[in-house]
Amino acid sequence: MPMTPPAPYTMVSLAVLALISTAIATAQQLSSQWTTFPLPIRRVAVIGAGPSGLQAAANLMAANLSVRLFERAPSPGGNWFFTEDTPVREAYPNDTIRNTTPIPPNLPHTRYHEEGKDGIKLDYLWREHWQPSPVWYDLHTNGPSSATELHGVKYPANTPWLASVHDVQRHVRSYASLHGLNIGDRPITPSSAPVASYSTRVESISKCNETATWTLTLRRLEWLRESGRIKEDLWTEDFDAVVVAVGYFSTPSVPAIPGLSNWSTAIKNGQYSVYHAQAFRHPERYAGKKILIVGASWSATDIARTIAPFTSRLVASIRPNPLRDAYGLDIMFSFPTETEIVPEILAFEPLDEHEIGINTGVIRLVDGSYLTDIDEIILATGYHGNTFLPDLVDPKTLSNVHWTGHYIHDPTLAYATVRPWIEGHYQSAAFARVWTEKARLPSQEEMLRVYREGKLRCADGFNVLAFEGQQRQYVAWLNGEALELGGQLFDMPPVQIREDVAYFLNAHWKKNFVNHEDFTRFDDIPSNEWPKCGTLMGAW
């Protein structure tokens, strides 16, 4: 029988109490100067209603802060909001800037769009606004369902070990409903202002140093089906703090391969022959076709396994990936046996015609060989993140962000940087406690020192043990602050979850990838010996 986890905050294990003592001792060694805020923080914006954003909004509301949650999609779920709608086509080349409707100088402003007026197609305008998530119908999680639960919400007892996108979508919506954050939910307190604003895209963020407030420029679309129009509202709102929780799948990444832009215009039977994996939904369209997949990570291998029974030929072009290859994830990143593996693409030879597809085209590979007789190409080449302020926080590296998620040079700005299912609850609580003065951040100098050391700034999604260290760091810090400043105590996630994770990874990622002793070693070593993110297993 599965173990029942302890009620949150009511039971703190001896191991956690030891962590608290470590945190207090460490805090006393730090500089006595703590980060302070020029004005009290009362009003907070959360951008994104995926698992991370919903938890951030819920924890901030529980701390009696005034919260506004903005989500460009018409429903919560973030990347787990499956829909048959597909995003608008990606840009070729990668750095092409889209032509969206401009923002008037005087806000607020309302305008209406009609089909065909000014060359606008309403379906394109609608999908470009919210960019449907890139998940497909048959997608399943790459972790056990017990490790993909949001705090306070359980999956049904019959949920499979590998939860489907539909299972996760219902789970995330349940969490949203529990906290009054679902589409159409009215505020839990009748006198309160609405919290969630769906179909609302944040166009820009700016900081006014004189007032110490953040201004968000917002665009909301409403499709008026009866009149055949789209209503567009534009306005601004001011906040004392902002949480950016938009995830890592904001914009598809298109590789800069010579000739790809030429091939991207090829069409056959009304469909593009080259497209990004964000448009993949069902495998049936590949029946009898010869398909090339570019990429060798999560999407590439999973899509390959999904479409293999339908294709007449399946080819995968891969390039060396030091991180993936170092871990040797031969189970998870495996292509089906019928896949032809070829090297990285050097160039696409120009097409003679673009109305008959790409079947007669020639693809040159880096080893000097050629590839021909391909009907369609799926670019499973990843995504770019969005920090809204790329000059401050690089979308690729999340530069200048402390391990807690706070922007070091102005901690009234924070980013959801951890896995949402387990660490997300701790990080969201940290945002609320720091901004209500129930937890302290060290001085900017100390945060920069820790940042440069690179410890617990996890960008390597394979280092399970680094995430274990990250969880413990959050619990130790939050509980140490609670003992000094007041507040409820946190416990570590139930042991059952790490046992499930260890079993799952060995079965689905790589044999003997991790074991029980790898986790329990943390119980016997001080925090300064916990591994750094990016450190390979067994190297610490």
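Some observations on this one:
- Here PRO134, PRO87, PRO102, PRO74 are screened, and the one residue that is within 30 Å of VAL44 (Cα to Cα) and surrounded by fewer than 13 Cβ atoms within 10 Å (Cβ to Cβ) is PRO102.
- Some residue of segment 234-241 being closer than 30 Å to TRP509 by Cβ and part of a loop (DSSP other than H, G, I, E, B): no
- Scanning segment 110-125 for residues that are part of a loop (DSSP other than H, G, I, E, B) and of a type outside the set (Asp, Glu), we see that the one that is farthest from the chain's Cα centre (by Cα) is GLY116.
- Failed criterion for VAL362 (all others in (1) of a type outside the set (Asp, Glu); (2) crowded, with 19+ Cβ neighbours inside 10 Å; (3) outside the structural domain of THR217 (by TED's automatic domain parsing) hold): (2)
- For VAL165: the one exception among (1) within 25 Å of LYS117 (Cα to Cα); (2) within 21 Å of the chain's Cα centre (by Cα): (1)
- Unique match (being surrounded by fewer than 22 Cβ atoms within 10 Å (Cβ to Cβ), more than 28 Å from THR148 (Cα to Cα), touching a Lys or Arg at 6+ places or on another chain (Cβ under 9 Å) and not assigned by TED's automatic domain parsing to the domain that holds PHE280) among ASP373, ASP410: ASP410
For every residue, the table says whether it meets (1) β-branched (Val, Ile, Thr); (2) surrounded by 21 or more Cβ atoms within 10 Å (Cβ to Cβ).
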{"position": "TYR415", "(1), (2)": "no, yes"}
{"position": "HIS425", "(1), (2)": "no, yes"}
{"position": "ALA430", "(1), (2)": "no, yes"}
{"position": "GLU437", "(1), (2)": "no, no"}
{"position": "VAL450", "(1), (2)": "yes, no"}
{"position": "ALA466", "(1), (2)": "no, yes"}
{"position": "VAL475", "(1), (2)": "yes, yes"}
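- When ALA157 is tested against the conditions (1) over 27 Å from ARG201 (Cα atoms); (2) surrounded by 18 or more Cβ atoms within 10 Å (Cβ to Cβ), the lone failure is (2).
- Among the residues of segment 198-222, those identified as surrounded by fewer than 18 Cβ atoms within 10 Å (Cβ to Cβ) and closer than 21 Å to HIS113 by Cα are GLU203, THR217, GLU222.
- Flag for THR10 being of a type in the set (S, T, N, Q), at pLDDT below 95, assigned by TED's automatic domain parsing to the domain that holds GLU499 and over 18 Å from LEU441 (Cβ atoms): yes
- Every residue from segment 333-381 that is out of contact with any helix residue (DSSP H, G or I) (no Cβ under 7 Å at 6 or more places or on another chain), assigned to a strand (DSSP E or B) and over 20 Å from SER312 (Cα atoms): ILE345, LEU346, ALA347, ARG364, LEU365
- Tally of residues being within 30 Å of ILE230 (Cβ to Cβ), touching a residue at least 40 places away in the same chain (Cβ under 8 Å) and in a helix (DSSP H, G or I) across segment 126-177: 13
- Within segment 258-280, residues that are assigned by TED's automatic domain parsing to the domain that holds VAL362 have Cβ atoms under 7 Å from residues that are assigned to a helix (DSSP H, G or I) in these pairs: VAL274/TRP263; ALA277/SER299; ALA277/ILE303; PHE280/ILE303, counting only partners at least 6 apart in sequence or on another chain.
- Yes/no for ALA439 being touching a Leu at 6+ places or on another chain (Cβ under 9 Å), closer than 30 Å to SER146 by Cβ and in a loop (DSSP other than H, G, I, E, B): yes
- Taken together, the residues in segment 264-279 that are under 12 Å from ASP375 (Cα atoms) and not in a strand (DSSP E or B) amount to 3.
- Hey, TYR275 at pLDDT 90 or above, out of contact with any Asp or Glu (no Cβ under 7 Å at 6 or more places or on another chain) and farther than 27 Å from PRO132 by Cβ or not: no
- Qualifying residue in segment 98-110 (condition: in contact with a helix residue (DSSP H, G or I) (Cβ under 8 Å, 6 or more places away or on another chain), modelled with pLDDT of 95 or more and under 30 Å from TYR272 (Cβ atoms)): no
- ALA49 vs. criteria modelled with pLDDT of 95 or more, closer than 22 Å to LEU485 by Cβ, within 17 Å of the chain's Cα centre (by Cα) and among the aliphatic types (A, V, I, L, M): no
- For segment 207-243, a tally of residues being in contact with a helix residue (DSSP H, G or I) (Cβ under 9 Å, 6 or more places away or on another chain) and among the aliphatic types (A, V, I, L, M) returns 4.
- The residues in segment 388-407 that are surrounded by fewer than 23 Cβ atoms within 10 Å (Cβ to Cβ) and closer than 20 Å to VAL67 by Cα can be counted, and the count is 2.
- With respect to the stated conditions, ASP240 is touching a residue at least 40 places away in the same chain (Cβ under 8 Å) and acidic (Asp, Glu).
The values are calculated or read from the model by the stated rules, or taken from the named source; none is laboratory data. The model shown is predicted, which means the values in this text are computed figures rather than measured ones. All Cβ positions, glycine included, derive from the backbone under ideal geometry; neighbour counts span all protein chains shown.
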